[in-house]
Every structure is written in structure tokens, then in C-alpha cells.
1. Mind giving me the nanometre distance, one decimal, between the label points for D:R456 and C:S166, set 7 Å out from Cα along Cα→Cβ?
2. Using a Gaussian network model on chain C with a 10 Å cutoff between Cα atoms, which of C:R157, C:R170, C:R212 fluctuates the most?
3. Taking the Cβ of D:R392 as the centre, find all other residues whose Cβ is under 13 Å away and add up their charges (Lys, Arg: +1; Asp, Glu: -1).
4. Considering all alpha-carbon pairs of segment D:243-294, what whole percent are spaced by more than 18 angstrom?
5. Round to the nearest 0.05 the FRET efficiency obtained for A:A258 and A:S80 when R0 = 25 Å and r is the Cβ-Cβ distance.
6. One quarter of the convex hull surface, Cα atoms only: what value does that give for segment D:105-235 in nm²?
7. Tell me, which longest segment in chain A has none of the GluC sites (Glu not before Pro) that fall in DSSP loops with at most 15 further Cβ atoms within 10 Å?
8. Against the longest alpha carbon principal axis of chain C, how many degrees, from 0 to 90 and to the nearest 10, is the axis of helix C:154-166 turned?
Amino acid sequence: MEAKLLQREKLSQLVDALLEDHEVVAPTSDLAYGQIRSGAELHLSDNKPTQSLKGFFFPPREVLFESRRTEDGLELVPSSSSDAPRVIVAARPCDVASLPVLDKLFGWDYQDSSYFQRRQRTTIISLACDPPPKDCFCVSLGGSPAGIEGSDLLLTPLRDAYHVLIITERGKALVEKYAQFFEESDEQHNQERARLEDEWRAQVTKEIDADRLREALDFDSGAWEMLAQQCVDCAICTFLCPTCHCFDIQDEGDNAHAIRLRLWDSCARQDFTEMAVHQPRPNHFSRYRQRLMHKFKYYPENFGRVLCVGCGRCIQYCPAGVDITKALERAVEQR
Amino acid sequence: MTQEGETVQTADTKEQEDGYEPKLVAFLCKWCSYAGADLAGGGRIKYPANVRIIRVPCSCRIDPKLVVKALERGADGVLVSGCHPGDCHYTEGNYYTRRRMLMLFKLLEFLGLDPKRVQMSWVSASEGPKWAQVVEEITEDIKSLGPIST
Amino acid sequence: MKEITKKIRKEARKLLKDGRADLVIGYEQGSDEEVATPCFITDVSQVDRLVFDEHCYHNLAKYLVGQEGYLTSRFVAQEKRPRVAIVATPATMRSIVGLIQEHQFARDKLIILGILDGTLVGIEPDVVVGQIEEDQEKSARIQAQVREIEEMTASERWAWWEEQFSRCIRCYACRQVCPFCYCEQCISDENQPQWIGKSSSPENNRTWNIIRALHLVGRCTDCGECDRVCPVDIPLSLLAVKMAGEVEEAFDYKAGADVDAKPALHSFRPDDPDDFIR
Amino acid sequence: MTRIGVFVCWCGSNIASTVDVEKVAELAADLPGVAYSTTYKYMCSDPGQKLIAEAIKEHDLDRAVVAACSPSLHEPTFRGCLENEGLNPYMLEIANIREQCSWVHTDRDEATEKALDLIAMAVAKVAHNAPLVAGSIPVTRRALIIGGGISGIQAAIDVGLAGYEAVIVEREPSIGGRMAQFDKTFPTLDCAACILTPKMVAVSRNPNIKIYTHAEVEEVTGYVGNYVAKIRLRARSVDADKCTGCGTCWQKCPKRVSSEFDQHLGMRKAIHIPFPQAVPRVPVIDRDNCLYFQRGKCRICETSCEVGAVDFEQEDEVIEEKFGAIIVATGFTTFDHSTYKEYGAGQLKDVITGLQFERMVNSSGPTGGRILRPSDGKEVNTVVFIACVGSRDRAKGVAYCSRLCCMYTAKHGLLFKEHNPDGQAYVFYMDIRAAGKNYEEFVRRAQEEFGVNYLRGRVSRIFEEDGQLVVRGADTLSGTQVEVKADLVVLATALIARDDAVDVARMLGIPYDENRLFTEGHPKLAPVETVTSGVFLTGACQAPKDIPDTVATASAASAKALALFSSDVLTGEPMVSCIDTSLCSGCFACQEVCPFGAIEAVEIRDAMTRENKEVAHVIESLCHGCGNCTVVCRAGAPNLAGFSHEQILAELLAV
């Protein structure tokens, strides 16, 4: 793969240049990615942003259409979404790796046009995790702290500069357009990058055996009830998860003006899947089971890959201190 | 995070000019304050037309959520009014209202809402003039504050 | 701390062995030494999983109540519910006081293995399993921050809170960890009528957070769990502490301090503060 | 979709002159759910109601908004109108565009905009209205009558005669009240005792009437048809069953006490009946003044009583009785003129009140009917009567006119002249208000036939000079200052609410006005009702009244009570609370805050889990519909019919 070098101080200059004809999204704090207006706003930290990238493709609140009462009756106005070019800078490789996973769902029997419009208008420059945070388990799921899946360019922080791996044509075009910021890489730098990646991979010790889970997870296992005990259905894991994608359709407003919305939802919620006279998942453990079964059994069965990229947020932010890798082990051991 | 389809509201500064007519929502118990407002009407006592009255059986039916909702939906001020302490038709409803509203007002103030925007009054069935005066004063208060900036 | 762990294990073992409890709710070590996690022991052989250390801050009262709480589960007939013993920090105990006041369960349904820190707790533990130190530094910090906000101008406060609430992603984790959020259905999940817009927008987030704070007035025992778990760092403890102060000042009432008292907003006094009313 | 009819009333020009009713009706037609909208000059009139009826049929309306006057006036009218057309009467909302719009605003555009808003709110609300059906409530057919004056006596007689039980609770040791203190009554000059005592005897003889004297109502709970009163029977220290009323005890009692009944112009004994015709004729020991109770010695009454009725050990007894209706007949007291410094602030002995004059002039009173100066007991030759003391005086007294003073002052002048035809009587007055049958004639008689001198003007000062009173005032008709040397001055003090009127009002849950007088249900149309159903007013506790008016209101109040008793069940309040048990988590906050004890715990089977759970349940017949439960519940499980969460929120969102 072709590679370049980007001097450390030039990253923010590159962002400033990109801002001339792009929206730019980057980590703005330890909490989240956000749209930035200058390279100085880039927030590069050892901590992975609390919230993943998914909201920039699958917004937590998306207006589908508006209705207005006019003299002629009810008027429906479909919502329009922007197609301005956008660059995401310093995205975590795991967040980016979730996008091909989500593509499968949003491009399944129904093509979600607004999702793909956002995918289409976005170029992604990832930044390798140096060092990988302690709760990550991306490696066991085929990812890496310096993974490239989904990215157009991957930045790897070397001792003196960013190593820039050109992954896609789109990435290549960007590098060419902004050639003044980049330098040629050399074998020494390429090797350093490879060595660092190996080092980081070795630091990721938590793991999940996805193949075994796919076989062994059992809907009827007696272990679920016990496993679910600590969980308080808080839904943080699903909201922070880069791959969880359940949504709800809701209306807000009144007779005169209302909007129909698509909102993030969570299988942890008590009213999730609740229907007028029936709730197929009435109790807590059945909701808990659904989350794990969906991620590691149903999704792989439907789409050929697990609904997880090993970002570790669900472990890091779980109010009850639940470790999904341990819970899954117990789910298959104690059935 | 910026999402498509999201509208960001800004304070309409133009409204702050002289022509600004605030919207005031008032929740009145039907035994005292609503009857007091009727009495003001009977006495042809004039007061500003900014107020919209919602009639409830007792001030204790006024859910603090309603006040919050009124503000959310663009009311510039909210008034809660009931019988004087000890005069409640249901003997003690207004005492509960008093506790609830004090807490609501304290919370809203802590969140940065000017205390003049949410007020409470005791207006009895015989206090038509007081009712008119309360509306007059609150309308003035809110006019001087201008719209809530969101 | 080691002593406390020992004492907890000893008491738990006794309770399970004597058949006085079917379930001990406590803490165990999580995936590493810096993580503790609630655990649920039903068998004497498992008692040694129980630990107590500085990572054991979760408010375990949460597990007692609600649709599937051990003492209130709608899925389990009254007579089949377990006899529960619970390892309770002072914060957990204060919540238990509130839950008893609100008739969620009777005092005798629960065996409390209490850990005290000198702060006021309106209930006697069945067994005191240890003594810890009060985190005065934390409460001083929150108090200071409350005062700081109080000193801002109204419009500064408004802007400051709008900024905080703007981050809310409406995950409702604050609600889920709160022992007092045991409603069958939260008002925020209600569609008819819809009190709170479901989506994350400035108005909806503000309304949600105001209503949540209001519903906890006079009940919240300031365990700080909502603040701790909020993934977007909304300083919910400030609201809790501020309102607890107001309740105490106006009504001379402290949540969690008296199991026989009526909750502040379920009662009144004819001479309550009146000077804010026209 | 709902089919709402909007009916905008002009109320003649009352609404139409300030609100563009046609425009409002036109715009209201476009509101969501509105199927028809129109205006009419007087919607409450027969043709107006007919118009609504026709519209309901023609446009297949299922609910209505009437934009007119306050719901307190015509809500029942229009509900009836809906009911006649087969709709549920509660499918109606009133938009109050008169009292709360056209009458209080002047700008036509503003008022029109507001009227439309009010209608939009009512439309939004009515869309959520649901048919309501009232339950039924059993009725205890007994009346509690608080106060045993002429008012309470008349009410008891009326209830008793109709065959229902009445219970009089009187604070004093005897019934009779103020009227028993009067000498003669205007304008007929009947002796008060002569017409009152037969009534007192009648109540005491009627088997349907029970009298508790020396007793007070301490607490009232319950609701219409089902009140429970706690009555404290204060210890008389005399066993009423044994006492024969022979009078030996009070003759023998050595302790003399200033008599309240005689307005402190005379004395009574520590064991006493307040006046000779007292009913019951059973004495009471005034323990504060009794030698035995104070010093442990004496017991003369006990030893002198042949039947052994005196019982020093007797204690207060608190009884509980059930009633269907309560008639409040607590009467009045008189204004304390000590605030009138210019009249001697109550310090001049020969300045007395009209009520004191009544006792003085009464032949069984402290002076045996002779008009004497209290200071020295000398015959009175010149007397000055001053009207409006405390009445019509916003600064020192009450703003209202006490209505009776003109009449009783004329009576007093006349009685004085009757006693002392050579004496001089002067009356200082502001206006003479003698509206009543034969009243004006009576005043004329006093002036013309008996020669009472009427001076129109205020008295500015009364002072003592040479052992006589000097009354200085203005005669505005002649425009001169006058000074009258008088032996006696009689002040016509205002009739005011009793000191504890507010406590009574709170106990009964009825409102009172700024003068602490009890507020009637409607000043014109419900003069003896209160807003609390089953509680009625009679006599001067509502406003000053003379005897004929008092008796009339007593009969009116008893007629209202009897109407309640005409059936053994009542139609209940349909606007009551109801708990959605699926939302209830059994915290029972609603039970804690319910002022009426209307919430109980019940066990239900959860629809989803099939297990039992304990939830709150509203006892409809006890619910008054205040809505406290709906607010205290965080989950919104209780909902109030007529003012539901949905209705109020819809109304708010339409603002």
C-alpha cells in the first residue's frame, strides 16, 4: 500500500485547508466527535471519545418529514439532508470499522438513502490508537488498533511524524489534492509503523471467540437469568456502541405542526418491542439475552459478521462494571 | 453533534422592541382565582390581554410539568393561582401546590430562568381587583424581561 | 476494607446457612482490580466472592425495586420472593429509607448489612459490617460548584445549563440507575399524552432534565449514581444537592433521614414559606 | 375525527361590542376537529339553545364548545342542551369570552385574538372529553344545624316538620341566640320573647329534633349526604336527666358574675341559666367562677339540689354523628367600638351599645325595664342614638351597611319615648335605610308620632362635662354644629362576623369574604347554598339580616336540605379520579395527599405478568375531584375525568 508522511504540526494545517471546501468532523473533547471550524479545535487524546462515530451516519435524531396544517389541509414536507463533502479526521479505527458492518444492515432489503448519502459524502482519515485503551478487544474480532477497514487514510503516530497509509482511491485523491502537506514515506518509517502496530496489537488482551459464540450461544440457556442480574437496563452500552443501530419512529409536535422522527432506541428498554397487547420480551433477562444473541449470533447468521468491533465502550462505561467478554464466556460455559 | 434536520432556535431580537407582547399562561383554580377573574370581569376592571387562562378544579391539579411544558412551548411567563391558605375548597390542596411550586421555582431559578417568569398568587373569589393587578404586574415584569432566549 | 469483606462474608454465610436469607446482594471484583460489580449470592459455597473496597459505590437499593426488583418483582408472587440481605453503604441505606417511606417494601423484608461513615442514616442496619470514612472532599466540591452557579447571573446560568443539557443523548441511564425511578412506566416513555419530546433537542433535553429533577425533589438521597454513570458528564449531582438544600431549608426535611416521616412533597405545614406568593 | 360545534355568543353587546364574533366564528371553523361554527345573539336563550340543538342534529356533532360567559353561569344550561339531544352532557367546554375577555379588554383586535385563542383552547380540550356518568351516593337523611338562634330554630322546625331528623348544636347553655336578648321587634313592636319562646318550646318538643347546648362542632369530615361531625358536649356539671329546672341552685349560689346575656349590665350566678325562658332549663356551672372549682369549697348548689343533679365530676364528651346536610346558622356578633376614640373608646360608662339598650329596656333585664344611666343609676332624660358605628366605615370598621341599625335605632328612640314621654331622643344618622315592609312607616312613626329628633350628620366627639355627656356633631341639613347634653348615648354598632368565623369556614370547607362573612354559592342565584354541596347558610353568618330575612333564609336552607333528603341516594360527582393500575407502582403517595381519604389499596392481577400486585384505587363516592393525586403521582397513574392529563395538556398546547 502506498504511504506518505505528515509532519505532526501539519495535521492542523491540513484540517484548516480541508475546511475551505469540506465540513470537518473530529474528536472535540473526550466525550464526542463534533464538527470543527479550525484545526486548533482538534482534540487528540489517549481517550477514545465516549460517543462513537455512528451518529454522523445514523443520527440519534433524524427528521423524516414535517407536517403542517395549512388552509388547504395537511401538508407533508419531506426532510432533506445535506450532500456537502465531509472529512472525518482522527477517527478511531474501531469506530470506522463499524461502518462496513452497519452498511450491511442499512443496505439490506431496504436501501437507507439518507444513511448512504452520508456515507457517500464522507472521507475518513483514521488515527491509530497509541496506546490502545485497556477495555478494547478489537484484535480478536479481526480489527486492530491500527486497523484500516472503512478508512480512506490511516494516520499512525510515529516518533517524529504521522505515517499516512493510503487505503482507497478516495484517500489517494485527497492526498493528491493536498499534496503540499505530505512527504514521501520510506521503508524505515513503514517498518516502524508495522512494528508499532504489532506492539499495540499485543497490548490488546481482552478477547472474544466469535466463531465459538456463534455456535455455542443458546437462546434456551439457563445462564441468561443469572448473567443479566447486574444489568440495570441503562442502555449506555447500546447508545455508545458503534454498531448498535436500533431505532424508533416517534412523532413530536401538535395539530398545527409536527415532525416525524427516527430516534435511537435500545433493546435494553422496557418498552422496546412492546406492542398493543403483547411484549415478546417482557422481562429483563430476555432483553439482555437479545442484545448478546443479536450481536454474536443473529447478525453473523444474517450478515456473515459479528455486530461488534471490540471498541470496549460497553465495558468502560457500564455502570455495573459488567465485562461483555467475561459475560459471553460465562454464557457459553454455564449453559 | 450536528444533525441534519435539526433547527436551532435563536432569540428573535426584533421582538424585544416596543411592540413585544408576551404570552402569559395562567392556571387558575375554579373556586377562588377563576371566580376572582370572573369578578374582575363583572366589575369591568381592565387588564392586559396577554393572559390565557386554563381552569382547573384546584391549584393542586396544576402539575409542575404543565408549567415546564408551557415554558417549553413558548410561553414567556406562567402564573399559578389558587385560594388563600386555609381557604381551599378541598381544604388543603393549595398547601401542596405551595410546596410543589416553591420547589419548581427554585429549580427553574437555579437553571437560569428569571424568577419573574414563573409566579404564584393567592386570589380569592372576592379579589377581582387583585386579579387584575396581578395580571397587570406580571405582564409588565415579563415585558421588561423580553422573550426567553433559547 | 479487608475487615469489612471478612465480616460481610461471615454474616452472609450465617444468613444463608441459617436460612434467614435466600439471597445476599453485595459486591464482587469485576474484570480487574479497579472494577467492582454487584453480585448476587444464593449459595453458601459462593460467599467468598463477596468483597468490599473503594470501588464498591454502586447503589444496590436499585436491585430491590421496580418491575423486576427482588422485593417487588411483578413476575414473582409475593410469597415466592426471596428473603434478601443487602450490603448497604450509607447512600444505599438512605435510599432504602426512602423506598420504605414510599411503601415499596416493609423494613422487615430486608436484612441490612450496613456500612456506616458517620453521616445521618434514618435506619438501623441489622448488622453493622464496617465503618468507612465519609468522602467530605467530594461533597465540598459539589457544594462549591452549586454556589458558583448560584453566583452567576440568570442568563449565565441559563447558558451554562443549556450547554450541559445539550449533550444529553437521552439514554436514560440516569433514570435506570436511580433507586427512586421505580415507576412502572416512566413519564418520558409515555406517548399519550406526550409530556416530554423523545428526541434529543435543546427544549426536550431541558424538559426531561427538569422533570426528572422535579420527580426527585424531597426523595433523592444524593447517592450520586446518576452523575457517575452519565456518559456525557452532565453534572446531575448539582441538581440533586441544590434541591436537597432547598427542601431542607423550606421544609426542614432531609431525604433518607427518617423512615417514619412523610416525604416532603406528600405533606405540608400550614406555615410553610409563603413569601414567594403574591 | 371529532365533530365539534363551536357556538359563539354575542351576549347582546356584552361580547359583540369588543369581540368580532363573526370573525371568531369563521376562524374557529378551521380549527382541527371543528365541523360547524356559528354565532347567536343570546346563546343561553330558548332560541339560542334551540339553535345548538338543531346544529347537533343537522351537522351530526358529537361535542360542543360554547364561547360565552363564565362556565359558573351557564355550563349547566348548555350541558342540559347537549343532553336533550342525546349527547353526554360532559362533551361540552365553555370558552369564557365575556368575564375573561370582552369585559376586561378594550382593544377590539386584542380581544378578538384572545377570544379565538380561548376557543382554540376549548376546542383542543373538548376533543379529549369523554362521556361521563355520575355514580350514586347514599344519603343520611339528618341535618346538622350549627347555631341555635332564631335561624337554627326555624331551620330545625322546618326539617323536623318534614319528618327528618335535625340536630341543633348551640354553644351557649340555651338556644335562643341574639333574638332572646331583644326586647321588642320592629316594625310591629312584638315582644321578641313572646314570638321566640313558642318556637323554642316547639323545637324542644319535636321528637325529630335533638338539641345539644353548651356544645360545639369540633370537626366535620365526609361529603354531601355523608358528613360525620365530631361534637363536643361540654361538661355542664349538672345532670340534665335529673335536673328539674327548679331554680334552687342558682338562687342559693353565693357567687355573682357579670352576665354575658345582659351584656354585662347585670349579674348572674356561677351556676346559672342565661335567661328565664332558657331551653333546656338546665343550669350550667361556670367553672371559671365557681367557688368550688376555684377554691375547692362551697358545694351549696350540690347540697341544695333535691334530685342530686349537680355533678362536679362530669367531663366533656365528644360524640360522632352522621349527617346528610349541614345548615350553618352561627349568626353574628357586634362591632367593638373601642377603636372609636372620639366616642370614648369604650371607656365612657354611659355610652352603650344598641344591644345593651335592648337589655336595659327589657322588663326582665338588669334594670327591670327602666332606662338608667349605668354610671350612677339615675333616670335618663336625654338620650342620643348614633347610627353607623363601624358600618360604612372603611377606615375603622366595615365597608358594608349593617342594614338593621336604622330600624333598631328608630325602635330604640320610640321605646325610649314610650318609657319617658317627656324625655328627649336624638338620632345622628348618615342616611336612613328603611327598605322593608312597613319599615319606612315605622321610622316616620318614631319621628312624627313619638317626636324622636333626627339629625343628619356625624358625631365628631363625645366627652364628659359636669357629670353629663356632651355629644358634638354636625347637622348637615341645617349646616350647623350641634352640641347635645345627654344622659345616655347609644351606639348602633355594626353587625359583624363572629370571632371564630374563619375556623368554622375552614372546618366546613366553605369560603368567606374579606369581612369573614361566609360566601354564598352565588350572590343572586344561590343565596343559601355554598360551594360545598350539602352545606347551606342561613341568617347573619352570611350577611347582616333582620329577623324576617333570617327566618326566610332558614326556611330556604332547610328546603335545600330537604331536597337532598327527598331521595336516599344522590347523584355523585362524575369528575372524579381514576387510577390506571398498569402505571401504579404502589407508592401510595396519592393516598397520602388525598384530602378525602378516597384512595384505598387493592390487589389486582397484573395483565402482563399474571401475578398479583397491590395498587391504589379511588373510591368514587369519596372523591371530590380536586386532582391532588394526579399531580403527586410521578407516573401519572391517576387521571381526573373532566380535567385529564390529556385535556389540560391539549388546552395548553393550543395556547
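The values are calculated or read from the model by the stated rules, or taken from the named source; none is laboratory data. Every value quoted in this text rests on a predicted model; they were computed, and no experiment measured them. Note: ideal-geometry Cβ built from the backbone for every residue, glycine included; neighbour counts use all protein chains shown. Quick note on the areas: whole protein, heavy atoms, side chains included, nothing else; ligands and nucleic acids left out. Shrake-Rupley method; radii C 1.70, N 1.55, O 1.52, S 1.80 Å.
1. The two pseudo-label positions are separated by 7.6 nm.
2. Maximum fluctuation in the GNM of chain C, among the listed residues, is at C:R157.
3. +3
4. Details: 347 of 1326 pairs.
Considering segment D:243-294, 26 percent of its Cα-Cα pairs are separated by more than 18 Å.
5. Values: r = 18 Å, r/R0 = 0.71.
Once the sixth-power term is evaluated, E becomes 0.90.
6. Details: hull surface 61.8 nm².
Value for segment D:105-235: 15.5 nm².
7. Numbers: sites that count: A:E2, A:E9, A:E20, A:E71, A:E207.
Counting at most 15 other Cβ atoms within 10 Å as exposed, the longest clean stretch of chain A is A:72-206.
8. On a 0 to 90 degree scale, this one is about 50.
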